[in-house]
Amino acid sequence: MTPTLISAEPVLRDPNDGIAVLERTRTVAETFGIPLAVLAELTHRCPLQCPYCSNPVEMERANAELTTEEWTRVLTELAEIGVLQVHFSGGEPTARKDLVELVRHATQVGLYTNLITSAVLLTRDKLVDLADAGLCHVQISFQGSEPVLADRVGGFRNGHVKKLEVAQWVRELELPLTVNAVMHRQNIHQLRGMIDMAVELGADRIEVANVQYYGWALKNRAALMPTVEQLDEMTAVVDEAETRFKGIMEIDFVIPDYYATRPKKCMGGWGRQFFNITPSGKILPCHAAETITDLDFDSVRSNHSIAWIWQNSEAFNRYRGTGWMPEPCQSCEFKEQDYGGCRCQAFALTGNAANTDPACQLSPFHATIFKAAETEAAADQRRFIYRNFAGGTLEKDEPA
Ligand code: SF4
Ligand code: FES
């Protein structure tokens, strides 16, 4: 189908899709169970080169990105169909020159806005403009608790110091702040320092998130996979910090699933609670869904409304519910609880997204794959493959 720009009527652009009547009689959110929050990846461009980036290894180039006009129409449509929150992400969303305009438009149509940023491109003036445009919340990623390691992981000189400065501006402007701490074998020893740093910055919340292994992180798994001992250490640090900072800062802990016995309910279940819009306008059931290479995704540049895509897209419907599940999931008592785990991880590790996530101990792949992870962690290979548009660059020297 030839892509066409979305029209000014955001929802009912395709009168022949059979959904129009439903949309007129009930709100679209009621009809389709539209998620409350959506991740808008404005660009894959980013000055940092984190080796665990959740973007696909094949990233979308700047000339494929939605225009300002297209994004504003998408934001209007999201608000009209019942979405309440938009998370502006990337790549690095502040690389878009029109970010203030997009935040202002999102505010005008009634969306709560969150900026997920590496912070290194922000100036204080830009942040003031964003706050004036109605920005509601800022989430800054940190790669360590001190500059040497943090700048090495991000592949960006002086990034850590800049992030600290921006975090202070965020608090001066009285915007709520979340610190995002992505954890892996090479920075777990700094977790305590990162939590203390977040408290000192006045963060409302810290997300201690272990790397999830698909895309760039899978490419770098040997350099990132923690040991079992490190996981125990991390859990103890989080437990202790939760007690120490109760009522001061909220701590969210995303555990690594390679050493789990049951998988996570990824995305709250495929096509149940979430969707993601890529820089070029593709609508995905999760931010890593493009790593599943045999799925096609519909775009906001097609003739279909976002509500239609959510309801009818083959990519969403392939793994919705439980009917698609193979054994052992099909007859498992937990199938409505975890929906078979993560489709992207199943594809990455077994070559078939319909397989049971190997994080589950009942998967026939569980033992071999997780033994391999343990062996990798013990081998302690340390050089990163940095994320870039060229498909990755191996870190020059063995780190000290
Ligand atoms: Fe979940 Fe499937 Fe494992 Fe059961 S077998 S716990 S449904 S992943
Ligand atoms: Fe895609 Fe889990 S990250 S389903």
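Structural remarks
- Within the shell of other residues whose beta carbon sits under 13 angstrom from the beta carbon of residue 71, the net charge comes to -2, with Lys and Arg scored +1 and Asp and Glu -1.
- Across the options 384, 106, 317, the greatest Cα extent toward the positive end of the charge dipole of the chain (unit charges at beta carbon of Lys, Arg, Asp, Glu) belongs to 384.
- Farthest toward positive dipole pole in the chain [+1 Lys/Arg, -1 Asp/Glu at C-beta], among 304, 63, 178: 63
- Order of 259, 214, 386 under a 10 Å beta carbon neighbour criterion, fewest first: 259, 386, 214
- The chain: C-alpha gyration tensor shape, a/c 1.5 cut-off, then a/b vs b/c: oblate
- Sorted by Cβ neighbour density within 10 Å, fewest at the top, the residues 309, 195: 309, 195
- In this rough spin-label picture, where each label sits 7 Å from Cα along the Cβ direction, the residue 57-residue 400 distance is 3.2 nm.
- For the chain, the dipole from Cβ point charges (+1 on Lys and Arg, -1 on Asp and Glu) about the Cα centre works out to 420 debye, to the nearest 20.
- Remark: spin-label model distance residue 126-residue 369 equals 3.8 nm, labels positioned 7 Å along the Cα→Cβ axis.
- Note on segment 297-400: with charges restricted to the Cβ of Lys and Arg (+1) and Asp and Glu (-1), its dipole about the Cα centre is near 360 debye.
- Highest mobility in the GNM of the chain, judged by mean-square fluctuation with C-alpha springs under 10 Å and restricted to 208, 179, 238, is found for 238.
- Taking a sphere under 14 Å around the Cβ of residue 120 and counting the other residues whose Cβ falls inside, with K and R at +1 and D and E at -1, yields a net charge of +3.
- Neighbour counts of other Cβ atoms within 10 Å put 137, 287, 189 in the fewest-to-most order 189, 137, 287.
- Calculated mean residue ellipticity at 222 nm for the chain: -9500 deg cm²/dmol, from DSSP H runs with n ≥ 4 weighted as -39500 (n - 2.57), summed, divided by the residue count and rounded to 500.
Readers should treat all values here as calculations from the given coordinates under stated rules, not as data from a laboratory. All of these numbers come straight from a predicted model, not from anything done at the bench. Reconstructed Cβ throughout: ideal geometry from the backbone, glycine too, with neighbour counts over all protein chains shown.
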